[in-house]
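Here's the structure we're looking at; comments come further down.
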Amino acid sequence: MRLNTKRKKSAKGVDYGFATQTAREFIQKYDINWLPVDAFEIVEKYAVATHKNIEIKTIEDLSYETGLDRQTLINKVIYGEDGLAIYDPGMDKYSIVLDEKAEPFGRVRWTVIHELGHIELGHLNDTRTSIVKWLLSTKEYEKMEQEAHIFAGEVLAPKFILYRIGAHSSAEIQDICGLSIAASDSRENAIRELINDKRKMHDSMLQIIPTFASFLEFKTICCAPEALRIQSRITQNPPAQKQTSPLNVHILPSGKYEKCPLCGNMQISDDANYCKLCGTLLYETLPQNLPSSPCNRLGDKDASYCENCGHIVYKTRIGLQFERDEI
Amino acid sequence: MGKKLGTYIKSLRKEQKIPARVLSERTGISKSFIDYVENGLREPSAESLAKIAAALDVSLDTLINIQVEEQLDKAATAFEVSNADLENVSLDLRAAGRNRDNKSNVSEEALKKVKLALQGSSNKQAVLDIIQNADLRAIFRASDNLSDDDIAKIRKVMESLYPDAFKH
């Protein structure tokens, strides 16, 4: 892979390299290892780690606490946007004010990380307390907005992870990353650029692969395909060839065959009831209390059948079907 | 909105390894609404809260108590903002409420209230006590009509009750 070490800057002064590299370091530093990203949890983690006082406030809360109506706050405080980061130098406090009515939820997720991007990219300071048009020149405003946009895109839908999965379409990005259609379209374009021009591969893209190791891991799942979250992302391993006549196989004291009598598979877990490669029952006589099927168990990535219940299994990446805390 | 409530619901669900989509199936509440609730962006109705409590095997009282506690926190901030002496609040929220000509497009009073609300209540417990205690509330309301001597006496009593609030 050719490494592109040149830092790309646009005519507006947008530092793409700085924004993407900051995003990738952010992913590693705050252990963002699953998609969709839990943006609100990341803000908490970030605040604790950096000792920054950051609070997320909704327009609804602000309206209740100030007695001002929603529309005034939306039009005149966050300028009709979905959110705004405000820095209070006197209190050394950052507030991310959100329009909680923005839908779908993916839009809120994007706004939170976009505003956090302004903080992490150092856009806010004692004199620049918010990124709003009137406070900055058009060039400065667009540069900072674009950099926060790049940051949010890379944190919420890391280009190389999606490339590795093979998720290139906006619809798939929407499903996997939990983003709005507009944000997913924008990420689709970024990934297509990478596919069309491999010179854009950067070694920093690879840095985040270990962080996402569990998310990317292949496993098999014993379930009906319609129970899976992303059904377009499943395959099946072909079953192993069975012998026409059973092999001469030693039977263990537990009553289980030492290896599969029909395909010869020797990779048998201690609690296996069936051969994972050909689905043959591993007991000479039918044991009692065999589990019902399908049993939802996770199996090795090379399995064709469930070792527990003998059902056909589907191969997939763990992260595409499960939430992080489900495993 | 209930950030603490949402965080508590999310932590319970994660502890029990229940994915949000499964909680949605069990409660009949859309996955999207659960996302909003868990992140403090929407307030669940009592009916939705009861369904969530049942699905996560937690008492409804526990969830309602968190909800009430949180609403009181917000009431404390609202109370403090509405009773603040705005003349002494500096208007350094430069970005908010201005147009390109650096002219305010919203009243100074409104901006100062926003600033105070973003800062949060400075002495939440004392304010909560006033909100919750009818006697203290009466003293607070009556203070406008009291003489300076009376106020000084009340201040001494309050200082002994809330030493932290009077630290300089």
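Against the condition within 23 Å of residue B:4 (Cα to Cα), in contact (Cβ under 8 Å) with a residue 24 or more places away in the chain, away from chain B (no Cβ under 11 Å) and not in a helix (DSSP H, G or I), how does residue A:86 come out, does it pass? Give the derivation first.
Details: within 23 Å of residue B:4 (Cα to Cα): yes; in contact (Cβ under 8 Å) with a residue 24 or more places away in the chain: yes; away from chain B (no Cβ under 11 Å): no; not in a helix (DSSP H, G or I): yes.
For residue A:86, the condition - within 23 Å of residue B:4 (Cα to Cα), in contact (Cβ under 8 Å) with a residue 24 or more places away in the chain, away from chain B (no Cβ under 11 Å) and not in a helix (DSSP H, G or I) - is not met.
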*For residue A:91, all conditions in the list (1) touching a Lys or Arg at 6+ places or on another chain (Cβ under 7 Å); (2) surrounded by fewer than 21 Cβ atoms within 10 Å (Cβ to Cβ); (3) within 8 Å of chain B (Cβ to nearest Cβ) hold save one; what is the number of the exception?*
(1)
_Among the candidates A:192, A:164, A:187, A:109, residue that is in contact (Cβ under 8 Å) with a residue 24 or more places away in the chain, of a type in the set (Lys, Arg), surrounded by 23 or more Cβ atoms within 10 Å (Cβ to Cβ) and farther than 28 Å from residue A:64 by Cα_ = A:187
*With the checklist (1) buried (at least 18 other Cβ atoms within 10 Å of the Cβ); (2) part of a helix (DSSP H, G or I); (3) among the hydrophobic types (A, V, I, L, M, F, W, C); (4) modelled with pLDDT of 95 or more in hand, flag the one item residue A:74 doesn't pass.*
(4)
_Which condition from (1) modelled with pLDDT under 85; (2) crowded, with 20+ Cβ neighbours inside 10 Å; (3) within 23 Å of the chain's Cα centre (by Cα); (4) at the interface with another protein chain (Cβ under 9 Å from one of its Cβ atoms) is the one that residue B:127 breaks?_
(4)
*For region B:1-13, what are the residues that are part of a helix (DSSP H, G or I), at the interface with chain A (Cβ under 10 Å from one of its Cβ atoms) and surrounded by 18 or more Cβ atoms within 10 Å (Cβ to Cβ)?*
B:3, B:6, B:10, B:13
*Do you know which residues across region A:230-260 are within 30 Å of residue A:173 (Cβ to Cβ), in contact with an Asp or Glu (Cβ under 8 Å, 6 or more places away or on another chain) and surrounded by fewer than 18 Cβ atoms within 10 Å (Cβ to Cβ)?*
A:230, A:232
*For region A:292-327, enumerate the residues that are within 14 Å of chain B (Cβ to nearest Cβ) and either in contact with a helix residue (DSSP H, G or I) (Cβ under 7 Å, 6 or more places away or on another chain) or in a loop (DSSP other than H, G, I, E, B) (or both).*
A:296, A:318, A:319, A:320, A:322, A:323, A:325, A:327
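Hey, could you check region B:26-57 for residues that are outside any loop (DSSP other than H, G, I, E, B) and within 11 Å of another protein chain (Cβ to nearest Cβ) and say which is surrounded by the most Cβ atoms within 10 Å (Cβ to Cβ)? So that I can check it myself, show each step before the final result.
Initially, region B:26-57 is screened for residues outside any loop (DSSP other than H, G, I, E, B), giving B:26-27, B:31-38, B:46-55.
Within this subset, residues satisfying the condition of being within 11 Å of another protein chain (Cβ to nearest Cβ) are B:31-38.
Working: B:31: 14, B:32: 15, B:33: 16, B:34: 24, B:35: 24, B:36: 21, B:37: 22, B:38: 27.
Of everything passing the filter in region B:26-57, B:38 is surrounded by the most Cβ atoms within 10 Å (Cβ to Cβ).
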*asked:* Within region A:94-115, does at least one residue satisfy the condition of being facing chain B (nearest Cβ under 7 Å), part of a helix (DSSP H, G or I) and under 15 Å from residue B:117 (Cα atoms)?
replied: no
_Considering residues of region A:32-62 that are in a loop (DSSP other than H, G, I, E, B) and at the interface with another protein chain (Cβ under 10 Å from one of its Cβ atoms) only, the residue farthest from residue B:121 (Cα to Cα)_ = A:36
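Do any helices (runs of 4 or more DSSP H) entirely within region A:142-229 hold 1 or more residues that are hydroxyl-bearing (Ser, Thr, Tyr) and modelled with pLDDT under 90, and if so, which? Don't jump to the end; show me each part of the working.
Numbers: elements: A:159-165, A:170-177, A:181-196, A:203-207, A:213-216.
Once the helices (runs of 4 or more DSSP H) in region A:142-229 are filtered for at least 1 residues that are hydroxyl-bearing (Ser, Thr, Tyr) and modelled with pLDDT under 90, what remains is A:203-207.
The values are calculated or read from the model by the stated rules, or taken from the named source; none is laboratory data. What you see is a predicted model, and the numbers here were worked out from it, not measured in a lab. Don't worry about glycine lacking a Cβ; one is built from the backbone with ideal geometry, like all the others, and counts go over all protein chains shown.
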